[in-house]
Amino acid sequence: MALANEASELMNEVHNERDLSNGYLAKENNFTGPKGEYFGSTGNDFEGPLKEQRKNVDRNITRFNQYLAENAEKLANIPGISGELNGLKTGLTNIQGVREKIDKYMIKDGKVWTLMIYDAAAERFFKLFEAIIRLASSNAELSLLSNAYASLVYLGDRYSVERGVVVRAIYMHKIDYNLYAREKTTRQEINK
């Protein structure tokens with residue numbers, strides 16, 4: 001459960017960065033590049049908080065990696081965890097790589113929506129939590145606790161997605177409802 005706790009704290013910080021990135025990108029209402037239009041009297045209201053949140057995420061990634069290093073021997077002996085941790089590390093690296101694109105107001109990079117990088121990382125967190133739940137399934141009490149904990153983490157993710165969509169919608173000049181369409185239970189932005 002310590003691994004789940006460490007991962008969920010990092011996931012929460014990543015969610016906050018995703019939400020602020022949504023707000024930051026709300027400055028633009030097109031898909032091809034910046035228009036240079038600011039909202040509010042002081043420019044992009046999200047720029048300062050986003051930069052600060054990125055520092056928080058980087059600190060938490062460092063702390064998470066320290067936890068993994070300190071517990072490497074224990075974690076290596078737990079079936080199914082090692083592969084999920086490697087996938088999560090890749091997802092976190094991708095987040096750090098997409099920041100430059102977000103800073104340039106790139107909503108889409110080729111065929112990839114920049115904010116989907118955060119969603120892909122969230123999926124890696126969930127795969128890790130699922131692996132932990134599978135391990136806990138042999139103990140009834142631990143299974144109940146780990147499932148309840150994972151449910152709370154999942155609800156936090158859904159709340160974060162909705163919060164980010166609302167922030168973007170509030171600052172857009174007009175709302176394109178297709179942009180906020182849902183496919184299954186995850187956010188998918190649709191091309192017309």
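Remarks
- Qualifying position, being touching a Pro at 6+ places or on another chain (Cβ under 8 Å) and modelled with pLDDT of 85 or more, among L3, L10, L20: L20
- Of the criteria (1) in contact with a Lys or Arg (Cβ under 9 Å, 6 or more places away or on another chain); (2) touching a residue at least 12 places away in the same chain (Cβ under 8 Å), which one F129 fails: (1)
- Entirely in the range 33-110, the helices (runs of 4 or more DSSP H) that have 2 or more residues that are modelled with pLDDT of 90 or more, under 17 Å from the mean Cα position of the chain (by Cα) and not β-branched (V, I, T): 47-70, 81-103
- Output for the range 146-178, where each listed residue is of a type in the set (K, R) and either farther than 23 Å from S8 by Cβ or modelled with pLDDT under 80 (or both): R168, K174
- Residue in the range 102-113 that is touching a residue at least 24 places away in the same chain (Cβ under 8 Å) and either within 19 Å of I78 (Cα to Cα) or touching a strand residue (DSSP E or B) at 6+ places or on another chain (Cβ under 6 Å) (or both) present: no
- Residues located in the range 111-128, provided they are under 18 Å from V165 (Cα atoms), in a loop (DSSP other than H, G, I, E, B) and not aliphatic (A, V, I, L, M): T114
- Residues within the range 59-70 that are surrounded by 15 or more Cβ atoms within 10 Å (Cβ to Cβ) and not polar (S, T, N, Q), tallied: 4
The values are calculated or read from the model by the stated rules, or taken from the named source; none is laboratory data. None of these values were measured; they are calculated from a predicted model. As a convention, Cβ positions derive from the backbone with ideal geometry for all residues, glycine included, and neighbour counts pool all protein chains shown.
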